1. Want the number for ALA248 to ALA113: 0.36 nm per residue separation, take away the alpha-carbon distance, what's left?
2. Gain in length, ALA32 to THR197, computed as 0.36 nm per residue apart minus the alpha-carbon separation, to one decimal in nm?
3. Over all distinct alpha-carbon pairs, what is the Kirkwood Rh of the range 1-122 in angstrom?
4. How many percent of the accessible area of the chain is carbon or sulfur, using a 1.4 Å probe?
5. Could you grab the Rg to Rh ratio for the range 160-261? Cα atoms only, Kirkwood for Rh.
6. Could you give the angle, 0 to 90 degrees to the nearest 10, between helix 70-79's Cα long axis and the longest principal axis of the Cα atoms of the chain?
7. For the chain, with every protein chain kept in place, what is the accessible area per residue (1.4 Å probe, Å²)?
8. What FRET efficiency do you get for ALA218 and PHE170 if R0 is 41 Å and r is their Cβ-Cβ distance, rounded to the nearest 0.05?
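The values are calculated or read from the model by the stated rules, or taken from the named source; none is laboratory data. What you see is a predicted model, and the numbers here were worked out from it, not measured in a lab. Reconstructed Cβ throughout: ideal geometry from the backbone, glycine too, with neighbour counts over all protein chains shown. Just so you know, the surface numbers come from the protein's heavy atoms only, side chains and all, with ligands and any DNA or RNA stripped out. Shrake-Rupley method; radii C 1.70, N 1.55, O 1.52, S 1.80 Å.
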Amino acid sequence: MPVPTSINYGQVASGYDKSRCVEPGIAGALVAGLRSLRAQSVLEIGAGTGNYTGALTKGGLSVVALERSPSMLEIGADKTSAHWILADASSVPLRTRSVDAIAGVNVLHHLSALPAALAEFRRVARAGAVLQAVVRENLATLWYRHYFPEIDDALLPLHPTLGSLITAMFQAGFSRVAVAKIFYSGLGDLTFEAARTQPHLLFNPDFRASTSGFRRLAAAGIARGLAVLERDLDTGAFGRIAAIFDAAHADAADCVVITAR
């Protein structure tokens with residue numbers, strides 16, 4: 001059976017908010033970046049169920065929320081006062097320079113043609129873009145790789161290095177780029193990387209099903225990895241293994257927020 005290439009958000013939309021909410025560090029960096037661009041109107045790419053949409057509107061921004069899953073959009077539209085549109089980020093149905101800025105959280109690895117999407121962002125936005133992303137350097141510091149080596153083949157190719165992402169933004173027409181490194185607080189948003197400090201989350205099938213990361217791994221590989229992880233947690237070996245990755249994580253962080261203009 002082939003490994004799923006992505007999560008079907010139509011299937012998980014109803015339960016999505018049970019594991020996902022706003023990460024304060026990401027929301028703060030998004031709003032700070034948008035303020036540095038002097039943005040008032042924002043197009044949010046991949047708005048999902050509207051969690052960060054709500055954070056942006058609370059920050060005083062006028063938001064157009066773009067989402068390609070009808071089920072996710074329906075939930076988000078009920079939660080927020082934003083203007084929602086059903087569309088794909090690779091072909092934004094807005095006029096050139098029609099909003100001040102682009103914003104997006106955990107969306108870049110879902111784009112099939114990143115250069116084309118970044119060029120669309122540059123076309124639509126007058127001032128620039130503020131995008132959160134998990135880059136390859138962030139993933140490389142996850143101890144998950146010890147237990148699920150398939151991650152290197154399934155996930156790393158989807159996540160550009162920070163340098164290549166910045167280069168792609170320059171090639172798309174942005175002229176200046178600033179990077180903020182973000183560490184997750186662990187206060188509620190259970191995205192893929194959240195289990196770095198909460199390893200028992202990986203044994204929860206609902207948590208795994210809600211992340212596109214684990215949906216891209218084969219069931220047999222997940223079962224093998226969980227068996228070894230359970231053994232190492234019981235024997236105390238897990239702490240020594242995680243510490244090897246934690247040293248690099250302190251420098252790379254969990255994700256980045258890039259402000260481009």
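1. Values: separation 135, 0.36 × 135 = 48.60 nm, distance 2.94 nm.
Contour length minus the Cα-Cα distance gives 45.7 nm.
2. 56.7 nm
3. On the way: mean 1/r = 0.0677 Å⁻¹.
Over the range 1-122, the inverse of the mean reciprocal pair distance is 14.8 Å.
4. Details: 6290 of 11540 Å².
C and S fraction of accessible area: 55 percent.
5. Numbers: Rg = 16.9 Å, Rh = 16.0 Å.
In the range 160-261, Rg relative to Rh is 1.05.
6. Tilt of helix 70-79: around 70 degrees.
7. Values: 11540 Å² over 261 residues.
So the chain comes to 44 Å² accessible per residue, rounded to a whole number.
8. That pair, ALA218 with PHE170, gives E of 0.65.
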